[in-house]
1. Scanning region 31-47 for residues that are within 14 Å of Met79 (Cβ to Cβ) and of a type in the set (S, T, N, Q), which turns out surrounded by the fewest Cβ atoms within 10 Å (Cβ to Cβ)?
2. Would you be able to say whether some residue in region 60-82 is loosely packed, with under 11 Cβ neighbours inside 10 Å, part of a helix (DSSP H, G or I), charged (D, E, K, R) and over 13 Å from the mean Cα position of the chain (by Cα)?
3. Which residues, taken from region 26-78, are of a type in the set (Val, Ile, Thr) and touching a His at 6+ places or on another chain (Cβ under 9 Å)?
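All of the numbers you see were taken from the coordinates with simple rules; none came from a lab. All values reported here derive from a predicted model rather than from experimental measurement. FYI the Cβ positions are ideal-geometry reconstructions off the backbone, even for glycines, and counts take in every protein chain you see.
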Amino acid sequence: MANHKSALKQHRQSLLRREQNRYKRSRLRTAIRRFRTAVSSGDVETARALLPETIGLLDRTAKSRAIHPNAASRHQSRMTRALNQLSGS
């Protein structure tokens with residue numbers, strides 16, 4: 001455990017950041033799961049409505065570095081491609 005005042009403060013800050021990042025990632029995973037469920041069930045309208053919301057959430061989560069920006073970009077690309085394949089068929 002930290003002994004110095006600055007180290008104790010840094011520890012408190014890291015705990016707070018961890019909690020915030022866990023919340024952001026959990027919310028993001030839920031949004032991605034909802035989108036994938038809509039795509040797998042063939043519900044084009046719901047998937048079309050969920051895509052912009054989920055992409056925005058991905059961008060915000062990557063901006064705060066809770067996930068890597070490249071991972072966010074990869075998710076966006078795959079989700080857009082899945083929606084295009086669904087509505088094209």
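1. So the residue we want is Ser40.
2. Checking region 60-82: at least one residue is loosely packed, with under 11 Cβ neighbours inside 10 Å, part of a helix (DSSP H, G or I), charged (D, E, K, R) and over 13 Å from the mean Cα position of the chain (by Cα).
3. Ile32, Thr54, Ile55, Ile67
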